[in-house]
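Working notes for the structure below.
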Amino acid sequence: MGRIYRVGYASALDGSLKLQGAKNSVLKLMAATLLAAGVHRLQNVPRISDVEVMREILAAIGAPSSWSGRHELEITVPAADELSPYPPVDLVKRIRASIVLTGPLLAVVGRARLANPGGDDFGTRPIDIHEDALTRLGASFEHFNTYMEVKAPHLEGADLVFEFPSHTATDNAIMAAVRARGTTVIENAAREPEVVDLAAALSSMGARIQGAGTSRIVIEGVDRLSPMNHSVVGDRVVAATYLTALGMVGGRLELAGIDFSIMEILIRKLEACGVSVRPVPGGLVAEAGPRPLAADIQTLPYPGVATDYKPMLVAMLSRAQGVSVVSENLFSGRFRYLDELRRLGADLISEGHHVVVRGVPKLVGGRVQAYDIRAGAALVVGALGAENETVITGIEHIERGYDGLVENLVALGAGISVEEE
Ligand code: EPU
């Protein structure tokens, strides 16, 4: 028993959408509000369950929030001595992004106790890069069975060299460094647009950050920051979900609220698959024929094709004319959705971190389970190209990051509904 998506075959998609703000930016921006006492205003905030969990976490440590508009959030942050460094264990375990509370809590309260973070389950997700960066800035870590205790009476700027351009470790290091004494340099920093968004919001609060969006970020610590008034960047992974859905069944789609340039390499791949995408002011327009073409794709850190796009790309390619090879280079365990796509008739052979996708003319509807957010999105894409009806369970994973997915697809002409079973 529970809520399900019921999805019918779509012969084409047609219409326009305004894209939501990015999950992987807003959660960090919400954590960043802790860096300044006062009332923060965030616009273009997606109505997703991860945002609700982060609101609960912030409220529990002393920073309540309220919706001042459909997509506008006001967060009231008290003085540092009224903030608790103990975010509730059960909530922290629900979202992986809660790890980014560490940097701001260290910066303003000087300590944090965090449950080992949860979120999507796709293999080992270590935090050694976070730990190494924050330790160099002056923090000490103690690990217990289910949680860790971090302390930093003072943060001092430092030269950091990341072993890998980890996205959330870059966020964490920036948020600690903006209030550290002196200069911090992050080499091999993540270059994701959501890191750029965080740096822009922090700069508007008075932080001094240079180089966000490149692999060398330089931060001059400041004593005081003031509240932000910031609009969240568009969600490129959600944009990719609609674009792959279009590639799956064909049609025409206009997306507002996304910058073409932050998706350029994915768009090149989509073009190779027969999905034409061009920029228009404030967004993009895409068109596709009834069946995609095969292409080889590998995931890489930004600006490469993001690992988050991959499940939806595999779903789309499962209907392609020809054979594709898709390689995962970031998360060893991000392959669980393959069995579910196979249930819909996809012809997939996995070997190590590669998947060979032999396109079939149409998938066939069935009952499938979403195990994580993008796996769930991939099943929606797959279901749109499947004859008969598909039932998707585990949709709470999808709702962690997608605002109005069903309504939006219905507006584009798809037959999809949410039902209680
Ligand atoms: N890594 C380490 N040590 C660390 C941190 C990361 O070895 O301390 C490794 C990871 O195991 C992985 C690679 O570095 O192999 C990349 O991990 P990264 O730290 O960049 O990922 P993340 O910051 O934990 C964010 C997004 C993910 C997205 C990845 C990659 C958030 C909240 N999450 O995770 O988003 O897949 O970057 O771009 O920003 C999603 O939205 O579906 C999602 C999972």
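Before moving on, here are some points about what is shown:
- Some residue of region 43-62 being at positive phi, open to solvent by 10 Å² or more (accessible area, probe 1.4 Å) and either touching a Pro at 6+ places or on another chain (Cβ under 6 Å) or part of a helix (DSSP H, G or I) (or both): yes
- Residue in region 260-278 that is in a loop (DSSP other than H, G, I, E, B) and touching an Asp or Glu at 6+ places or on another chain (Cβ under 8 Å) present: no
- Hey, D296 open to solvent by 10 Å² or more (accessible area, probe 1.4 Å), away from the ligand (no atom under 16 Å from the Cβ) and within 26 Å of A414 (Cβ to Cβ) or not: no
- One residue from R400, R358, R336 being touching a Phe, Trp or Tyr at 6+ places or on another chain (Cβ under 6 Å) and farther than 17 Å from L246 by Cβ: R336
- Single residue of L348, L300 found to be touching a residue at least 12 places away in the same chain (Cβ under 8 Å), over 23 Å from V7 (Cα atoms), assigned by TED's automatic domain parsing to the domain that holds A383 and out of contact with any Ser or Thr (no Cβ under 6 Å at 6 or more places or on another chain): L300
- Under the condition of being of a type in the set (D, E, K, R), touching an Asp or Glu at 6+ places or on another chain (Cβ under 9 Å) and open to solvent by 10 Å² or more (accessible area, probe 1.4 Å), the residues counted in region 152-177 number 2.
- Any hit, region 127-141, residues being at pLDDT 95 or above, in contact with a helix residue (DSSP H, G or I) (Cβ under 6 Å, 6 or more places away or on another chain), more than 7 Å from the ligand (Cβ to nearest atom) and open to solvent by 30 Å² or more (accessible area, probe 1.4 Å): yes
- The condition of being within 14 Å of the ligand (Cβ to nearest atom), in the same structural domain as L83 (by TED's automatic domain parsing) and either of a type in the set (A, V, I, L, M, F, W, C) or modelled with pLDDT of 95 or more (or both) holds for only one of T168, T183, that being T168.
- Taking the criterion of being touching a residue at least 40 places away in the same chain (Cβ under 8 Å) and open to solvent by less than 50 Å² (accessible area, probe 1.4 Å), the residues of region 185-205 that qualify are I186, A190, E192, P193, E194, D197, L198, A201, L202, M205.
- Selected residue [under 23 Å from the mean Cα position of the chain (by Cα) and either within 16 Å of the ligand (Cβ to nearest atom) or at negative phi (or both)] from R278, R268: R268
- Considering region 215-243, the residues that are assigned to a strand (DSSP E or B) and more than 16 Å from the ligand (Cβ to nearest atom) include one that is most open to solvent (accessible area, probe 1.4 Å), namely R216.
- Residues of region 20-38 that turn out to be part of a loop (DSSP other than H, G, I, E, B) and crowded, with 24+ Cβ neighbours inside 10 Å, as a count: 2
- Given (1) open to solvent by less than 40 Å² (accessible area, probe 1.4 Å); (2) within 16 Å of the ligand (Cβ to nearest atom); (3) within 30 Å of I416 (Cα to Cα), number of the condition L101 does not satisfy: (3)
The values are calculated or read from the model by the stated rules, or taken from the named source; none is laboratory data. What you see is a predicted model, and the numbers here were worked out from it, not measured in a lab. Because the Cβ atoms are built from the backbone with ideal geometry, glycine has one as well, and the counts that use them run over all protein chains shown. Ligands, DNA and RNA are excluded from the accessible area calculation, which covers all protein heavy atoms including side chains. Shrake-Rupley method; radii C 1.70, N 1.55, O 1.52, S 1.80 Å.
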